[in-house]
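The structure appears right after this line, and notes come after that.
The values are calculated or read from the model by the stated rules, or taken from the named source; none is laboratory data. Quick caveat, the model's predicted, so the values are computed rather than measured. Because the Cβ atoms are built from the backbone with ideal geometry, glycine has one as well, and the counts that use them run over all protein chains shown. Just so you know, the surface numbers come from the protein's heavy atoms only, side chains and all, with ligands and any DNA or RNA stripped out. Shrake-Rupley method; radii C 1.70, N 1.55, O 1.52, S 1.80 Å.
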Amino acid sequence: MNPEERAASLFQESFGAAPAAVASAPGRVNLIGEHVDYHGGHVLPVATRMRTAVAVGPGDGRLRAVSATGSDVDAAWPPTPLGNWSDYPAGVAALAGGPWRDVGLRLAVASDVPMGSGLSSSAALEVATARALVAWTGRSASGHDLADVAWRAETGFVGMPCGRMDQLASALAGPGSALLINCRTLETRDVPFALDLVVVDSGEAHTLRGSAYAERRREGEAALERLRAQLPALEFLVDIPPARLAALLPLLEPPLDRRVKHVVNENQRTLLAARALEAGDQASFGTLVNQSHDSLRDLYECSTPRLDAIVMAARATSGVLGARLVGAGWGGSALVVARPGSGAAVASALGGIWLNAEG
Ligand code: GLA
């Protein structure tokens, strides 16, 4: 059974009624463009073949949420953040208008997206919920609308100060191509993508991730403030012309200079990577992926020794074009980009998941 069928049958078993609607959304893996979305930069995610499905239906004046993993929630309605997985769907329902507002919500979740491994299981859950709720009302919504309500749930209800990449990727990325997203304008462009992808989970807990991520965001704001003394019109860090970077960095005390250098160069790398894919230049693409990791490790300082070790082992594996940490960092997974046809061997050599594999 696929996740949608599993979510629908879990709903039926748990609540003794058929759901009003069922929908699903994929996780994402970002090829390149890390920690630039909240600076108005470019990112290049692909959707995972693994999806999360949510079945929804009218409640009994409460929030009742069940998941295939067995961690069920029964809470008051309207919802308030509980600090568990149900905050993602509840946050979306709290922000979207529909019949659940008055009667409460029942929902069942089934997912193939591994949790906590940097594949954005939370965005998949939010976007799938938004899609299911819209289907229930019979209205239609664009991918951008779904991503927007999902992002507002994550930042405003769950309380994670993330950028817009994960929700846009989950709502808009399709099979067979990567999605180049301009996070300032939210414009997107499909970029052909046919390389093999392997994800290797570091197995490291993410306990520091929320606070370290928020700290990086504060550092970015502080750097922007400082640089506006010289460049009053500077809106985002990615607006700094790369040619002026060397002259501007001495205005910033460490570590702000390192953070800004990463952001400006990573945004450029993402644009170059999209161009390399469009030109079929696999080797240049792999080099940019490697440079992204080195910058995240040395300048953005969001890697871990375990992630670095996985990346180094990957780079020494036959068929690998490039490897880097993926997502926010501080644990989670490494992404390995491999030549077409070598994904299965690379996954087995590194103990990872081959993302392009069928079934
Ligand atoms: C997390 C956030 C995204 C993005 C990445 C880093 O996944 O949710 O918005 O900032 O980290 O690129």
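If the condition is being within 16 Å of the ligand (Cβ to nearest atom), crowded, with 24+ Cβ neighbours inside 10 Å and without any contact (Cβ under 8 Å) to a residue 60 or more places away in the chain, then the stretch 84-125 contributes only 122. The C-beta contact set for the stretch 228-246 (first residue under 16 Å from residue 37 (Cα atoms), second residue open to solvent by 80 Å² or more (accessible area, probe 1.4 Å), distance under 7 angstrom, 6+ apart or interchain) comprises 236/184.
In the stretch 301-318, what residues are free of Cβ contacts under 8 Å to residues at least 60 places away in the same chain and open to solvent by less than 40 Å² (accessible area, probe 1.4 Å)?
Taking the stretch 301-318 first, the residues free of Cβ contacts under 8 Å to residues at least 60 places away in the same chain are 301, 303, 305, 308-309, 311-313, 315-318.
Residues satisfying the conditions are 303, 308, 311, 317.
May I ask you to verify whether residue 147 is in a helix (DSSP H, G or I) and open to solvent by 10 Å² or more (accessible area, probe 1.4 Å)? Walk me through how you get there before you give the answer.
Values: in a helix (DSSP H, G or I): yes; open to solvent by 10 Å² or more (accessible area, probe 1.4 Å): no.
Answer is no for this residue.
Checking each residue in the stretch 58-83 for being crowded, with 20+ Cβ neighbours inside 10 Å and not small (Gly, Ala, Ser) picks out 63, 64, 66, 77, 79. As a summary of the residue check, residue 31 satisfies the conditions (1) away from the ligand (no atom under 16 Å from the Cβ); (2) in contact (Cβ under 8 Å) with a residue 60 or more places away in the chain except for the one numbered (1).
Which pairs turn up if I take residues in the stretch 1-20 that are touching a residue at least 12 places away in the same chain (Cβ under 8 Å) and look for partners that are open to solvent by less than 70 Å² (accessible area, probe 1.4 Å) and in a helix (DSSP H, G or I) with beta carbon separation below 6 Å, at least 6 apart in sequence or on another chain? Listed by first residue and then by second, the contacts come to 19/8; 19/11; 20/136.
For the stretch 150-184, filtered to residues that are more than 11 Å from the ligand (Cβ to nearest atom) and in a loop (DSSP other than H, G, I, E, B), the residue that is most open to solvent (accessible area, probe 1.4 Å) is 175.
Quick check: anything in the stretch 37-50 more than 16 Å from the ligand (Cβ to nearest atom), more than 30 Å from residue 303 (Cα to Cα) and crowded, with 17+ Cβ neighbours inside 10 Å? Reasoning before the result, please.
Keep residues of the stretch 37-50 that are more than 16 Å from the ligand (Cβ to nearest atom), which gives 49-50.
Then keep just the ones that are more than 30 Å from residue 303 (Cα to Cα); that gives none.
Among the residues of the stretch 37-50, not one is more than 16 Å from the ligand (Cβ to nearest atom), more than 30 Å from residue 303 (Cα to Cα) and crowded, with 17+ Cβ neighbours inside 10 Å, which makes the answer no.
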